[in-house]
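Each remark here refers to the structure printed beneath this line.
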């Protein structure tokens with residue numbers, strides 16, 4: 001959906017006798033053909049308004065540092081655009097001889113074998129193991145700059161695959177923004193923080209639905225104990241919806257974790273909002289019988305109307321690279337993301353796909369997450 005300029009900002013400056021013509025001229029010189037001119041214009045106007053208020057130097061420094069970090073991350077990560085990525089969380093204190101270290105290394109190897117990039121915090125323990133297994137070509141490290149001495153792991157240290165962040169919140173943003181899936185290994189406060197934050201973002205619809213996988217060693221009880229607490233306290237007391245537990249899957253091997261990711265994207269490609277319609281892009285259309293089942297079994301996801309399957313969505317002209325994909329559109333209530341995950345699982349069952357085969361080029365195209 002095209003961005004509408006913030007006219008309130010324009011009127012604010014005009015009422016104060018400030019001519020914004022030069023801002024428009026400079027933007028047209030720098031990016032004359034950009035479809036994002038309105039966005040850049042409002043960014044500049046926002047900074048001008050902040051300068052006009054000039055309230056606090058610390059506020060200005062936060063904004064400056066944040067913009068610099070965001071711009072640098074966008075630029076660096078652009079070279080990896082189009083590659084699917086999996087964020088792996090876990091303890092930085094896991095010793096190399098621990099079974100979880102070996103499992104994380106096997107996870108990195110399995111992900112790389114499936115042409116998936118591995119994102120971690122770039123440190124030691126589980127992070128180092130996952131990168132060690134994946135190798136540099138399939139690794140990205142998002143390190144945090146701390147006041148005491150800290151080094152990235154040997155796989156990504158000193159390479160273009162390492163990004164350093166000053167703020168935790170910008171680093172967290174990219175952990176989730178770049179992830180087509182998340183694998184959580186046992187860890188401390190940081191790992192639990194990331195787990196709960198990711199689940200909160202998906203549960204509230206602030207982040208797209210992606211696989212969230214809890215990986216433990218065979219016979220381990222770390223995540224099962226956490227799930228028992230969530231079930232016995234959060235679900236039992238109605239603090240979360242019953243289907244929220246569907247947002248995560250517990251597995252006990254690297255191969256199981258990778259299989260969960262591959263299964264999730266076997267037909268589901270990506271999703272987005274187009275005005276008031278929620279659109280699921282699919283690699284294969286659903287059969288007529290499966291579409292009828294969707295209309296009945298998942299009617300509770302619709303605010304009004306029903307599900308519509310089409311070759312493409314006309315309003316999606318801003319992302320023509322996805323025009324070959326079949327779309328399932330509906331007026332999503334946006335309240336129960338766990339039920340949405342159940343719909344995705346239904347879509348991914350091969351018996352629900354249409355018998356008609358997609359052209360070979362479309363079938364081999366890499367799934368790319370979009371919001």
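The values are calculated or read from the model by the stated rules, or taken from the named source; none is laboratory data. A quick note: this is a predicted structure, and the numbers were derived from the prediction, not measured. Backbone-built Cβ (ideal geometry, glycine too); neighbour counts: all protein chains shown.
Determine, yes or no, whether residue 229 is within 28 Å of residue 173 (Cβ to Cβ), out of contact with any helix residue (DSSP H, G or I) (no Cβ under 9 Å at 6 or more places or on another chain) and not in a loop (DSSP other than H, G, I, E, B). The answer is yes for residue 229. Residues in the stretch 254-279 that are farther than 19 Å from residue 180 by Cα and not in a strand (DSSP E or B): 275, 276. From the list 36, 59, 72, the one residue that fits, being under 30 Å from residue 188 (Cα atoms) and not assigned by TED's automatic domain parsing to the domain that holds residue 130, is 72.
Each row is one residue, and each column tells you yes or no for (1) more than 17 Å from the chain's Cα centre (by Cα); (2) assigned by TED's automatic domain parsing to the domain that holds residue 116; (3) modelled with pLDDT under 95.
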| position | (1), (2), (3) |
| --- | --- |
| 214 | no, yes, no |
| 229 | yes, yes, no |
| 232 | yes, yes, no |
| 238 | yes, yes, no |
| 245 | yes, yes, no |
| 250 | yes, yes, no |
| 253 | yes, yes, no |
| 275 | yes, no, yes |
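No other residue among 151, 138 is out of contact with any strand residue (DSSP E or B) (no Cβ under 8 Å at 6 or more places or on another chain) and either crowded, with 24+ Cβ neighbours inside 10 Å or without any contact (Cβ under 8 Å) to a residue 40 or more places away in the chain (or both) apart from 151. Listed by position, the helices (runs of 4 or more DSSP H) contained in the stretch 1-99 that have at least 1 residues being exposed (fewer than 12 other Cβ atoms within 10 Å of the Cβ) and at pLDDT below 85 are 7-15, 21-30.
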